[in-house]
Amino acid sequence: MTEVYDDVLADMVSTAREAGALTLEHFKRFRDLEIGIKGPADFVSDADRESELLIRDRLFAKYPDWSLTGEEFPPVERDDREYRWLVDPIDGTTNFINGMHYTISIALRRGNETVAGALYNPVADEMFTAIRGAGAFLNGERLRVSTQSDVGMMAVGTGLPVSNLHSFEGYYRRLEKIRDPIGAIRIVGSSANSCAYVACGRLTGYFEESGLVDWAVGVLLVEEAGGVVTDWWGRGPEFYEKSGMVIVANPATHAWLLEKLKDAPKKDAQ
């Protein structure tokens, strides 16, 4: 069945590249961008909106009956509710407005499952792609998660939560327990790119509270690269897709992070 999505993925890739070219024009003059504030530590720029509009136009031109949920505009409900695009036109907006790496994320959902995804870092010209059951790739090269199992050599990605997030309570105490024994903590600044770094072995794991639109492609990449994805208490997508509290990692780092995060207050599916 994977070949069913080959042409769709090609369209996702070309669309992501177009959005990448558009956003790079803004990125080159990041000091002059017009920025609005959506909420605490949540910024939006003209580039976000233009990118999402471009992606919507391209996808609806090819697949007019499929629905779409994006970051910047209300969802679009079309006749075919089985297929839905999840679009983050710039994941890592704070990175973007400060001249650092960001990603463009396009996921295709069939029912409650992500079946294909394209994740593009325009600054590095890195295109991550995956089709469920067919593997994960970076610029056409097959990906595998890191085999590192030595705790002292683990490199873990995360983000620092603000006080309105469920994960904020006790976060820095847990972070201290995680940081001391391992090789490094890294804040990439993009949920999607952090997941991609796990898929290609640059990070051994990643944990954060974020959103499905942000990391739908990233989770698929990690799964297809041989990694493990759960919520902070080892539960599956029926929980982490709603709570946003996700661990993606190679098997050894995943088991280790579960032990360190298990005392966090549970955020159950709503």
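Brief remarks follow.
- Expressed as a whole percent, the proportion of Cα-Cα pairs in the range 2-142 lying more than 24 Å apart is 29%.
- Every Cα-Cα pair of the range 73-191 was included, and the share exceeding 18 Å stands at 68 percent.
- Placing one equal scatterer on every Cα of the range 158-210 and applying the Debye formula, the log10 ratio I(q)/I(0) at q = 0.25, 0.28 Å⁻¹ is -1.05, -1.18.
- Between ASN121, ASN250, ASN139, the residue with the greatest mean-square fluctuation in the GNM of the chain (Cα pairs under 10 Å linked by springs) is ASN139.
- P(r) weight above 26 Å for the chain, C-alpha pairs, percent: 39 percent
- Kirkwood Rh (inverse of mean 1/r, distinct Cα pairs), the range 53-123, angstrom: 12.8 Å
- Charge tally for TYR171 (other residues, Cβ to Cβ under 15 Å; Lys, Arg +1; Asp, Glu -1): +3.
- Charge dipole (debye, nearest 20) of the range 111-164; +1 at Cβ of Lys and Arg, -1 at Cβ of Asp and Glu: 140 debye
- On a per residue basis, the convex hull of the C-alpha atoms belonging to the range 223-270 measures out at 55 Å³.
- Values of log10 I(q)/I(0), in the order q = 0.14, 0.20, 0.24 Å⁻¹, for the range 151-261 under a Debye, Cα-only, solvent-free model: -0.46, -1.00, -1.53
- Ignoring the sites themselves, the chain has its longest run without GluC sites (Glu not before Pro) in a DSSP loop having at most 15 other Cβ atoms within 10 Å at 170-270.
- When each of MET153, MET127, MET12 is scored by the number of other beta-carbon atoms lying within 10 Å, the sequence from fewest to most is MET153, MET127, MET12.
- Over the chain, dividing the summed -39,500 (n - 2.57) contributions of all DSSP H runs of at least 4 residues by the number of residues returns a 222 nm mean residue ellipticity of -10500 deg cm²/dmol.
- Amide proton proximity set for ARG132, modelled H, under 5 Å, gap of 5+: ALA116
Every read-out reported here was derived from the displayed coordinates using simple, explicitly stated rules and does not represent laboratory data. Bear in mind that the values here come from a model prediction, so they are computed numbers and not experimental data. Virtual Cβ from ideal backbone geometry, glycine too; neighbours counted across all protein chains shown.
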